[in-house]
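Student: Let me give you the structure first, and then I'll get to my questions.
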Amino acid sequence: MQELIQNLSDTIRKAGAERRQLRIRGGGSKDFYGLALIGDVLDTRAYSGVVDYEPTELVITARAGTPLDEIETTLAAGGQMLAFEPPHFGEATLGGCIAAGFSGPRRAAMGSARDFVLGVRMVNGLGEDLRFGGQVMKNVAGYDLSRLMAGSFGTLGLITEVSLKVLPVPEEERTLRFDLAEAAAVESMNKWAAKPLSISATCHVAENLYVRLSGASPAVTATQKKIGGEPVADGPAFWRSIREQSHEFFRQAPALWRFSIRSTAAPLGLGAQLTEWNGSLRWVAADLDPTKAFESAHKAGGHATLFRNGNKRHGIQQFNAGLLAIHKKLKRALDPHGILGPGRIHADF
């Protein structure tokens, strides 16, 4: 496997010398996302396999090209899971999962993909094989560049290995449904979030609020008694449809906007909407004017992202001057020749 690392490093080093652009790609399940797909494909799938996994340590280390299905199957055999519940959107790899940084329905209760990254091995834009972070949960090895790789979409370097914190699968899970309008659902989600309840996910769509309870059976039962609700027969299938965006709401969307805003913000009123994460994540299925979308998000205390737009390429989100300057400095430090994924998340880098 070290030979594969050397080949990847040599490829990037040669591309830098030739000023030839590269596009890092695993399963290609996130190719729909971003402004542009530029450069020769650098495929990571040959560098695959679990490097180290000991369930008692609650840490797994695996190579970037490892299928996400394989990671989850390995963890399930040990009674554990990726607690940030990442979407696959197809044949996802571990490297692509972290490079995208997407998190699923459990994010509000357990944390984001970035929160579970303990360490990475990566090749930067100069072809240097680097390691950051570690393989233990208590780690103070300097600046946490490993977590910076989450959400970078291969523009800062090629992730080759990742160490992730994992958690036990809950003893029991139940899904409840409430007949509630959007404003009342947002109010209820925020009220419950402030209490010590066994809630692991919330979703409001089509005048229905869905709540997933997770944990020890007595705690799940106690929470259900406190909040009420009607049991849902196949809760896992519902949450899978939300995570993978196969639910009817997503399938019929002409364009899909992602609003990350204050959880208590009033309904946006911009079109058909699905709300997650106790109200802080709101998906809007509408072909919105970008200026209007960005202004609405700003007023609600957050930002908007054009997540999908049919078969059209699209910009990810609006960057203010300060944030753009930080992104450019990081890009210059890790990819000084600008050869990795140019234009993926912004036209200027």
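The values are calculated or read from the model by the stated rules, or taken from the named source; none is laboratory data. These numbers come from a predicted model, not from an experiment. All Cβ positions, glycine included, derive from the backbone under ideal geometry; neighbour counts span all protein chains shown. Accessible surface is based on the protein model in full, side chains and every heavy atom, while ligands, DNA and RNA are left aside. Shrake-Rupley method; radii C 1.70, N 1.55, O 1.52, S 1.80 Å.
Student: Considering only the other residues whose Cβ falls under 13 Å of the Cβ of ALA266, what net charge follows from Lys and Arg at +1 and Asp and Glu at -1?
Tutor: +1
Student: In degrees between 0 and 90, to the nearest 10, how far off the longest principal axis of the chain does helix 321-334 point, with axes built from Cα atoms?
Tutor: Orientation of helix 321-334: about 40 degrees from the principal axis.
Student: Separate question: Out of the DSSP beta bridges found with both residues in region 1-122, what percent are antiparallel (nearest 5)?
Tutor: Among the beta bridges of region 1-122, antiparallel pairing accounts for roughly 55 percent.
Student: Another question, if that's okay. Want the number for LEU330 to ASP144: 0.36 nm per residue separation, take away the alpha-carbon distance, what's left?
Tutor: Gain in length upon complete extension: 65.6 nm.
Student: Follow-up question, since we're still on this one. Could you point to the residue in LEU82, ALA194, GLN317 farthest towards the positive end of the chain's charge dipole, with +1 and -1 charges on the Cβ of Lys/Arg and Asp/Glu respectively?
Tutor: It is GLN317.
Student: Amide H of THR160: which non-local residues (sequence gap of 5 or more, or other chain) have their own amide H closer than 5 Å, using H built in the peptide plane?
Tutor: Under 5 Å from the amide H of THR160: ARG121, MET122, VAL123.
Student: Dipole of region 51-149, Cα-centred, from +1 at each Lys and Arg C-beta and -1 at each Asp and Glu C-beta, to the nearest 20 debye?
Tutor: Magnitude of the dipole: close to 320 debye.
Student: Counting Lys and Arg as +1 and Asp and Glu as -1, each charge on the Cβ, what is the dipole of region 188-249 about the Cα centre in debye, to the nearest 20?
Tutor: Once rounded to the nearest 20, the dipole reads 380 debye.
Student: Next up: May I ask for the distance between the Cα centers of region 295-329 and region 167-239, given as a whole number of Å?
Tutor: So the two Cα centres are separated by 31 Å.
Student: While we're here: Of the heavy-atom accessible surface of the chain (probe 1.4 angstrom), what whole percent is carbon and sulfur?
Tutor: 51
Student: Each residue of region 59-76 in order: what ³J(HN,Hα) in whole Hz does its phi give by Karplus 6.51 cos²θ - 1.76 cosθ + 1.60, θ = phi - 60°, with x for Gly and Pro?
Tutor: Each residue's phi maps through the Karplus curve to give 9, 10, 10, 8, 7, 4, x, 5, x, 4, 4, 5, 4, 5, 5, 4, 5, 4 Hz.
Student: Taking the mean number of other Cβ atoms within 10 Å as a proxy for protection, how do you rank 77-84, 147-154 from highest to lowest?
Tutor: 147-154, 77-84
Student: I need the phi-derived Karplus couplings for region 283-293: 6.51 cos²θ - 1.76 cosθ + 1.60, θ = phi - 60°, integer Hz, Gly and Pro marked x.
Tutor: 8, 10, 9, 6, 8, 8, 5, x, 4, 5, 5
Student: Treating cross-link reach as a plain straight distance, find the lysines whose alpha-carbon is under 18 Å from the alpha-carbon of LYS312, omitting any fewer than eight places away in the same chain.
Tutor: Within reach: LYS30.
Student: Another one. Connecting C-alpha atoms closer than 10 Å in a GNM of the chain, tell me which of LEU118, LEU180, LEU94 has the biggest fluctuation.
Tutor: LEU180
Student: Under a cut-off of 18 Å between alpha-carbon atoms, report the aspartates and glutamates in cross-link reach of LYS226, not counting same-chain residues fewer than 8 places apart.
Tutor: By straight Cα distance, LYS226 reaches GLU172, GLU173, ASP179, GLU187.
Student: Compute the accessible area per residue over the chain, keeping the other protein chains in place, probe 1.4 Å, unit Å².
Tutor: Ligands and nucleic acids excluded, the result is 45 Å² per residue.
Student: In the chain, with Lys and Arg counted as +1 and Asp and Glu as -1 at Cβ, which of these residues, LEU58, VAL162, ALA181, has the Cα nearest the positive end of the dipole, that is, farthest along it?
Tutor: Highest projection toward the positive end goes to ALA181.
Student: Another question, then. Taking the mean number of other Cβ atoms within 10 Å as a proxy for protection, how do you rank 286-292, 197-203 from highest to lowest?
Tutor: Sorting 286-292, 197-203 by mean packing, highest first, produces 197-203, 286-292.
Student: Could I ask something else about it? Place a point 7 Å from the Cα of ALA46 along the Cα-to-Cβ direction; which residues of region 144-162 have their backbone N under 16 Å from it?
Tutor: Counting only backbone N, you get 160.
Student: Quick one: Karplus J couplings for region 159-176, per residue in order, coefficients 6.51, -1.76, 1.60, θ = phi - 60°, nearest Hz, x for Gly and Pro?
Tutor: 6, 10, 9, 9, 10, 10, 6, 10, 9, x, 5, x, 4, 8, 9, 9, 10, 10
Student: So for region 213-331, taking the charge dipole from beta-carbon charges (+1 Lys/Arg, -1 Asp/Glu), which of GLY271, ILE326, HIS298 sits furthest toward the positive end?
Tutor: Value: ILE326.
Student: Here is a further query. Looking only at the chain, where both bridge partners belong to it, what percent of the DSSP beta bridges are antiparallel (to the nearest 5)?
Tutor: Expressed as a percentage, antiparallel bridges in the chain total about 90.
Student: Related question: Between 0 and 90 degrees, rounded to the nearest ten: what's the tilt of helix 2-18 against the longest Cα principal axis of the chain?
Tutor: Tilt relative to the chain: about 70 degrees.
Student: Give the long-range amide H neighbours of GLY343: residues separated by 5 or more places, or on another chain, with amide H under 5 Å away, using H modelled in the peptide plane at 1.01 Å from N.
Tutor: Counting only residues 5 or more places away or on other chains, the set is PHE349.
Student: Sticking with this structure for a sec: Sort 123-130, 270-277, 49-56 by packing, meaning the average of other beta carbons within 10 Å per residue, with the highest value first.
Tutor: Descending mean neighbour count gives 270-277, 123-130, 49-56.
Student: Separate question: Non-local amide H neighbours of GLY215 (under 5 Å, H modeled in plane, Pro and chain starts lacking H): which ones?
Tutor: GLU171, GLU172
Student: In debye to the nearest 20, how big a dipole does region 1-86 give about its Cα centre with +1 on each Lys and Arg Cβ and -1 on each Asp and Glu Cβ?
Tutor: 600
Student: Separate question: Hey, what angle do you get for helix 217-227 against the long axis of the chain, alpha-carbon based, 0 to 90 degrees rounded to 10?
Tutor: Between helix and principal axis, roughly 60 degrees.
Student: For the chain, what percent of Cα pairs sit more than 32 Å apart?
Tutor: More than 32 Å apart: 33 percent of the Cα pairs in the chain.
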